[in-house]
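Read through the structure below, which is laid out as structure tokens, and then see the notes.
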Amino acid sequence: MLEKTYSAQPVEAKWSATWRAADLFHGEPGAVAPGGEIKPFVVVIPPPNVTGALHVGHALDNTLQDIFVRYHRLSGRPVCWVPGTDHGGIATQSVMEKQLKAEKLTRLTLGREKFLARMQVWTRQCKNTILGQLERLGCALDWRREAFTMDEDRAESVYEAFKTLWGKGWIYRGERMVNWCVHCGTALSDIEVEFEDRKGHLWHIHYPAVDGGRGAVVATTRPETMLGDTAVAVNPKDSRYQGLAGKKLRLPLTDREIPVVGDEYVDSDFGTGALKVTPAHDANDFEIGQRHKLPAVTVISPDGHMTEAAGPAYAGLSREAARDKIVEDLKAAGLLEKVTDYPHSVAVCYRCNQAIEPLVSWQWFVRMEELAKPAITALDSGRFRLYPDSWAKPYRQWLGNIRDWCISRQIWWGHRIPVWYCVKCHGERIKTDFHQVAQARGVLSVAQPESCRVCGGSEFVQDPDVLDTWFSSALWPFSVFRWPGRTPELKFFYPTSLLVTGYEILYLWVARMQMMGLALTGEAPFPECLIHGIVRDKSGKKMSKSLGNVVDPLVMMDKYGTDAFRFSLVIQAHPGKDIPFAESSITGSRNFANKLWNSTRFVLMHLPEAKIYSLAGLDRKKLELCDRWILAEYQAALAAVREKLDVYEPAAAADALYGFLWDKFCDWYVELAKIRLQGADEIAKNTARTVLVEVLDGTLRMLHPFMPYITEELHAALKPFVGVPGRFVVEAGLPRSGDQTDDAARRDMGTVMEAVTALRTLRSQLNVPPGLKIRVVSAGGSQETRQLLDRHADYLKALVHIEELSYSADGVRPPHSATAVAAGMSFYVMLQGLIDFSQERERLRKEIVKVETELTKISSKMENKDFLARAPQSEVELARNQHDAARARHERLKETLTMLSA
RNA sequence: GGGCAGUUAGCUCAGCGGUAGAGCACUGUCCUCACACGACAGGGGUCACAGGUUCAAAUCCUGUACUGCCCACCA
């Protein structure tokens, strides 16, 4: 016998281990599912970074994937869901650097080799944690296919991709202004830069003219860069500065003279209309510098300190300290005209949140234009679809305005760039000052080349940089199947079927997978992509360690059970919406799990014999109204779930199951089934049991993708009574799709329910004690309704707690009775001594007012000739019925009130 | 500066052309033999605002006001 309350932990632990032992989720190439379907359903996991443990966002992402994976497995397709992790480049390296710092070490003191060795150890631990959490979450992953973005197979894919793009001339090395993170010590791509609104200032600085004229005042948010200024630019059309272009200005705090140049780029309306030009430290200034052939003076070094070029007074200071000192010095020199508050957006590193320093350096880039074109075509032709499709527009726009991708990173953790340089050709300097050696010509190779084809030299150094972590991620959908090898799994499982991820990595990852997939394999790596929102805290704020609002999935799973946790996420995961996550929403799902548990417990309690209760083997004539009704509702629910899952709306699907199970099955059907289960008619008992088993087990199986553990447990408990194959739910398959909708059953049951509800409301309003059985006399109504209610008097008696239900042909209200009106009939509830008649009159008057407002609305509709003429037939019909019903109800209530007043 | 969402019950959100829905919270009654993580009943909304289309608009169109997100090189 099952416990009274569901306790998740033991059940989850048991099935997790059992599934693992059965190797249940492994898919072999060429496998044919029990359903005979050949085409596999394939998903690759968005590999979590090996930076620590999983967060709620991962829980949502993987729950959604698990839902579709299990759903397709249930529907009979071969399925493969590939697990794995991402080495995570900068993010992971900085986690390790923090650890080292705590030990008073740095990666430099450790050296590259030892550092990488430690990274390997850390990665192993971290992978175990993450994969363990995924298993705990119930994910039906193909554990034998676990992959890592930096293991050997993936390294081969990366090299092949690099080689291919290099061969097409799409990978090049160039000297560019890049986004440099001083803190992480590396270049970043444009999409790894985020913008943050910060309070800043606008410093107005006077640059005097060399010839003694008034010179110009420039406005800047970064005074520390002024030491690197090599010009001042004004708009040639600016009347204030006519004749200034070509003149020389004295750069304050230095002994340098800089020219004034005219450039259309300058916005005359901003600041003073004069722009200081620092080609080495600003992307726009870099371009102005190129247009006017200005020198670039680098005053900030890659480590964020002022260089020698900044002059002896500032060299060695941090950029922040330099700013303060420069402002002081300008003030002292009388050249600081004014300072105003100026909030503006600052570019920051997406990993460490520190201000980005634009710096010119030699980096590797991927030419993106040619790569983007096929990706746009794939979208436009429908070979690639985004769900919800509102993402299509921004996605296309991004691809259309794409810029070259900086793929080299000056860190150690990653795929080393497979390019080598001959020391003899480039000189010894290349060993130490790699990034300063312009025009270095490299040789593509994984291992050190034997000899230089130019000079025959045999000493080489490898490019010290590693690839952007997203470079290897971009290959994931095929690298996991060991591309470029023509492996059986690549052939069978690729292209994959669906990708599920959050919108925050749409460009960073999704777009790049599409581009790489199309370029390297000729196919869109997945034809569909479900984009979900971000899990936020209950007040809508992003979860972050610094805010202290992070929810730990493990804690939630411990406290409420994995199924409840999953369900609470999914039921809120509406397309395109973020999810505000409150712990209180899990209680609801936990209660739902408990409801499932207890309804199964109830059914099991009433199944004395171990035999198969087969609906197919049942004489359909034995089905009574509530059976037919619940079967129709059940079929409707199954259809709704399928429909919603097929258009990637898992929240709506989950809601349909929740509503059906609780509001229909438990609240009505189970209560009505009790009549027969507690009766003596064995045939009737058997019918009720059969329908209970059929509907409950089918619902559990349909619910399995959402709540895998509890449904597995309950299905196992029901199995001796269900004629379904397989050891596990995923082998049992989806519930049979039904035949007819049985509108008649739904209509008739609706009438019964209306009467029940009306009578229950009356009981409640009159404060009739629940234990007290009442006597009811009905009157009026159509013959059809009368007969229906007569046939199902037992329903009314059981659900309303009636001891005697009779029909009064003359329709006269018995004395000492209160009246409920429903289904076109009056129900007089006999309550001698329990009714205060003035109160009863008041109650009726209120009812009448309610009906009257309803009646007014519908009447105005029915009196509208245009409505009658133009609205569809079915609508008019519906309105007419409603009108008749309301009028009948109104009349009955008035009648009763008159009788009461008499 | 562009683009995209959103504005519906106290809270979080569905609904997206035919008389306003769910969960939670709230009120009342009940520990009725599956479940108090429960049952039954109830209160609560001029669906942001202003126009328009339509027989009919929370739902379509236009505009306004807020809110959030994304993109963009304005010092």
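The values are calculated or read from the model by the stated rules, or taken from the named source; none is laboratory data. Values in this document were obtained by computation on a predicted structure and should not be read as measured data. Methodologically, a virtual Cβ is constructed for each residue, glycine included, from the backbone with ideal geometry; neighbour enumeration extends over all protein chains shown. In case anyone asks, the SASA skips ligands and DNA or RNA and just uses the protein heavy atoms, side chains included. Shrake-Rupley method; radii C 1.70, N 1.55, O 1.52, S 1.80 Å.
Which sequence of A:His55, A:His435, A:His883, A:His715 reflects their accessible areas, 1.4 Å probe, from the largest down?
Largest accessible area first, the residues go A:His55, A:His435, A:His883, A:His715.
Compute the FRET efficiency between A:Thr164 and A:Asp552 as 1/(1 + (r/R0)^6), taking r as their Cβ-Cβ distance and R0 = 41 Å, and round to the nearest 0.05.
Rounded to the nearest 0.05, the efficiency is 0.45.
Taking the dipole about the Cα centre of segment A:108-236, with the C-beta of Lys and Arg at +1 and of Asp and Glu at -1, give me whichever of A:Gln120, A:Ala231, A:Trp166 is farthest to the positive side.
A:Gln120
If you place +1 on the Cβ of every Lys and Arg, -1 on the Cβ of every Asp and Glu, and leave all else neutral, what size is the dipole of chain A about its Cα centre, to the nearest 20 Debye?
For chain A, the charge dipole is close to 500 debye.
What whole-number volume per residue, in cubic angstrom, does the convex hull of the C-alpha atoms of segment A:294-447 give?
Spread over its residues, the Cα hull of segment A:294-447 gives 231 Å³ apiece.
Given 0.36 nm per residue, what is the gain on full extension from A:Glu863 to A:Arg403 after removing their alpha carbon distance, in nm?
Gain on extension, A:Glu863 to A:Arg403, equals 159.2 nm.
Return the calculated 222 nm mean residue ellipticity for chain A, to the nearest 500 deg cm²/dmol, obtained by summing -39500 (n - 2.57) across DSSP H runs with n ≥ 4 and dividing by the residue count.
For chain A, the value works out to -13500 deg cm²/dmol.
Could you sort the peptides A:197-210, A:621-634, A:471-484, A:505-518 by per-residue average Cβ neighbour count (10 Å cutoff), highest mean leading?
Output ranking for A:197-210, A:621-634, A:471-484, A:505-518: A:471-484, A:505-518, A:621-634, A:197-210.
Scan segment A:68-123 for GluC sites (Glu not before Pro) in coil per DSSP, keeping those whose Cβ has at most 15 other Cβ atoms within 10 Å, and list them by number.
Here the GluC sites (Glu not before Pro) that fit, given the DSSP loop and packing criteria, are A:Glu103.
If one takes the longest principal axis of the Cα atoms in chain A, at what angle in degrees, from 0 to 90 and to the nearest 10, does the Cα axis of helix A:8-22 lie?
For helix A:8-22, the angle is close to 70 degrees.
Measuring from label point to label point, each 7 Å out along Cα→Cβ, what is the A:Arg870 to A:Tyr265 span in nm?
Going from the A:Arg870 label point to the A:Tyr265 one covers 6.0 nm.
Kindly flag which residue pairs out of A:Lys247/A:Lys338; A:Lys199/A:Lys293; A:Lys247/A:Lys276; A:Lys39/A:Lys127 have an alpha-carbon separation exceeding 26 Å in this structure.
Checking Cα-Cα distances, A:Lys199/A:Lys293; A:Lys39/A:Lys127 exceed 26 Å.
I'd like the FRET efficiency for A:Glu891 and A:Ala680, computed as 1/(1 + (r/R0)^6) with the beta carbon distance as r and R0 of 56 Å, rounded to 0.05.
For A:Glu891 and A:Ala680, the calculated efficiency is 0.85.
In straight Cα distance, which lysines are under 30 Å from A:Lys674, not counting same-chain residues fewer than 8 positions off?
A:Lys4, A:Lys595, A:Lys611, A:Lys621, A:Lys622, A:Lys664, A:Lys685, A:Lys719, A:Lys773, A:Lys797
Which of A:Thr711, A:Val217, A:Trp391 sits farthest toward the positive end of the charge dipole of chain A, with +1 on the Cβ of Lys and Arg and -1 on the Cβ of Asp and Glu?
Result: A:Thr711.
Quick check: the distance between the Cα centres of segment A:244-312 and segment A:614-654, to the nearest angstrom?
First find each Cα centre; the distance between them is then 73 Å.
How long are the semi-axes of the equivalent ellipsoid of segment A:635-745, defined as square roots of 5 times the Cα gyration tensor eigenvalues? Whole Å, largest first.
Semi-axes, largest first: 24, 18, 13 Å.
Gap in Å between the Cα centre of segment A:658-685 and the Cα centre of segment A:800-829?
26 Å
For segment A:381-448, what is the convex hull (Cα atoms) projected area averaged across all directions, in square nanometres?
Seen from a random direction, the Cα hull of segment A:381-448 projects 8.1 nm² on average.
Hey, what angle do you get for helix A:682-703 against the long axis of chain A, alpha-carbon based, 0 to 90 degrees rounded to 10?
10 degrees
So, with +1 on the Cβ of K and R and -1 on the Cβ of D and E, and no other charges, what is the size of the charge dipole of segment A:424-465 about its Cα centre, to the nearest 20 debye?
Computed charge dipole of segment A:424-465: roughly 160 debye.
Among A:174-183, A:307-316, what's the highest-first ranking by average C-beta atoms within 10 angstrom per residue?
The densest-packed peptide leads the list: A:174-183, A:307-316.
To the nearest whole percent, what portion of all C-alpha pairs in segment A:427-505 is separated by more than 23 angstrom?
Of the Cα pairs, 49 percent sit more than 23 Å apart.
Compare the peptides A:131-137, A:764-770 by average per-residue count of other Cβ atoms within 10 angstrom and give them in order, highest first.
A:131-137, A:764-770
Using modelled amide H (1.01 Å from N, peptide plane; none on Pro or chain starts), what sits under 5 Å from the amide H of A:Leu317, excluding residues fewer than 5 places away?
Under 5 Å from the amide H of A:Leu317 lie the amide H atoms of A:Met306, each far enough along the sequence or on another chain.
Over the residues of chain A, compute the C-alpha Rg and express it relative to 2.2 N^0.38 Å.
This ratio for chain A stands at 1.27.
Sticking with the crude label model, points 7 Å out along Cα→Cβ, report the distance from A:Leu772 to A:Ala313 in nm, one decimal please.
Label-label distance for A:Leu772 and A:Ala313, simple model: 9.7 nm.
Helix A:743-765 versus the longest principal axis of chain A: what is the Cα-based angle in degrees, 0 to 90, to the nearest 10?
80 degrees
Among A:Val297, A:Met702, A:Gly723, which residue has its Cα positioned farthest towards the positive end of the charge dipole of chain A, with +1 placed on the Cβ of Lys and Arg, -1 on the Cβ of Asp and Glu, and the dipole taken about the Cα centre?
A:Gly723
Would you please state which residues of segment A:480-507 a label at A:Glu28 would reach in this model, taking the label point 7 Å out along Cα→Cβ and a backbone N cut-off of under 14 Å?
A:488-489
At 7 Å along Cα-to-Cβ for each site, give me the label-to-label distance between A:Lys338 and A:Asp794 in nm.
My value for the distance between the label points is 9.1 nm.
Report the extension gain between A:Ala13 and A:Asp190 in nm, rounded to one decimal, defined as 0.36 nm multiplied by the number of residues separating them, less their alpha carbon distance.
59.3 nm
Between A:Ser782 and A:Ser75, what FRET efficiency follows from the Cβ-Cβ distance if R0 is 41 Å, with the result rounded to 0.05?
0.40
Quote to one decimal, in nm, the extra length available between A:Val849 and A:Ser381 on full extension: 0.36 nm per residue of separation minus the C-alpha distance between them.
The span from A:Val849 to A:Ser381 would gain 162.6 nm if fully extended.
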